[in-house]
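Reading through the structure tokens given below for one structure.
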Amino acid sequence: MEAPPPRGFSEEQFRAACRELDQPAPVAPWQLLVESMGVRIYRLYDEQSGLYEYKIFGGLADCPPKLCADVYMDLDFRKQWDQYVKELYEKTYNGEKIIYWEVKYPFPLSNRDYVYIRECQEMDFDGRKIWVVLAQSVSVPQCPEKPGIIRVKSYKQSLAIESDGKTGSKVYMYYFDNPGGMIPSWLVNWAAKSGVPAFLKDMQKACCNYSKRT
């Protein structure tokens, strides 16, 4: 049986993420959801799924962009600093690198898991150096669904990081997933309003610890 054609991301998708760093603010129909701890979170209602897409703009003080990208890409290290990771690893199937990620959900909700591809590129964007990470869910027969865990079949994320001109980084993130099942609205709101700024704070701490390790 022939291997399927490689899936991946286009040059334009990487450049589109770079352009977002220059947007002063997303325009309607995007809505500002919250501004907290130097992070602005916008959301857009997706008619088809009844869910929201998110755009996040923020900064990581004292974390240079290359360090941020290294920390974000290091799956083994993420298991140490991200309290919501239950299982996380990368494997190669048919020559394609696939990531499996199980996320802890609060009781009594079932955990969610993701199977996805991702790619990191260091971009030269109009003379600026920007690190971009793109990720999207894929279907892989070698990673079947597990009993008691709900598979997230629709997941997209992009991340763009550049220097803030000082010792830190400017960060843009786009995020969409369809967690399936019945998720209470309080949890959706908490994840968007508090979970994202808290994640960036944890990542900032992780960057400091990471640079001490190397």
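The values are calculated or read from the model by the stated rules, or taken from the named source; none is laboratory data. It should be emphasised that the depicted structure is a prediction, and the values quoted were computed from it without experimental measurement. Ideal geometry is used to build each Cβ from the backbone, glycine not excepted, and the neighbour counts take in all protein chains shown. Side chains included, ligands, DNA and RNA excluded: accessible areas come from the protein's heavy atoms. Shrake-Rupley method; radii C 1.70, N 1.55, O 1.52, S 1.80 Å.
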Cα-based Rg and Dmax for region 32-100, where Dmax is the largest Cα-Cα distance (Å): 16.2, 43
Orientation-averaged projected area, Cα convex hull of region 152-214 (nm²): 5.8
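For F77 and K166, calculate 0.36 nm times their separation in residues minus their Cα-Cα distance, and state this gained length in nm to one decimal. Each step should come with its number before you reach the end.
Working: separation 89, 0.36 × 89 = 32.04 nm, distance 2.57 nm.
That pair, F77 and K166, stretches by 29.5 nm at full extension.
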Solvent-accessible area, 1.4 Å probe, carbon plus sulfur percent, for the chain: 53
Where N is the number of residues in region 96-143, Cα Rg divided by 2.2 N^0.38 Å: 1.63
Unit Cα scatterers, Debye sum, region 53-142: log10 I(q)/I(0) for q = 0.10, 0.19, 0.23 Å⁻¹: -0.34, -1.11, -1.34
Structure-based [θ]222 nm, the chain - -39500 (n - 2.57) summed over DSSP H runs of at least 4, per residue, nearest 500: -7000 deg cm²/dmol
Added length on full extension, which subtracts the Cα-Cα distance from 0.36 nm per residue, S154 to N189: 10.7 nm
Computed lengthening from F107 to C208, 0.36 nm per intervening residue step minus Cα-Cα distance: 33.2 nm
Evaluated at q = 0.11, 0.12, 0.16 Å⁻¹: base-10 log I(q)/I(0), Debye formula over Cα of region 99-188: -0.44, -0.51, -0.76
The chain - charge dipole about Cα centre, Lys and Arg +1 at Cβ, Asp and Glu -1, debye rounded to 20: 580
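Tell me the per residue accessible area of the chain using a 1.4 Å probe; a whole number in Å² is fine.
Per-residue value: 55 Å².
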D_trans [Stokes-Einstein, Kirkwood Rh over alpha-carbon pairs] for region 17-166, 4 °C, 1.567 mPa s, µm² s⁻¹: 74
Net charge, V188 excluded, C-beta distance under 12 Å - Lys, Arg +1, Asp, Glu -1: +1
Alpha-carbon Rg/Rh ratio, for region 17-71, with Rh computed the Kirkwood way: 1.04
Free-standing Cys residues across the chain, given no other cysteine C-beta under 4.7 angstrom: C18, C68, C120, C143, C208
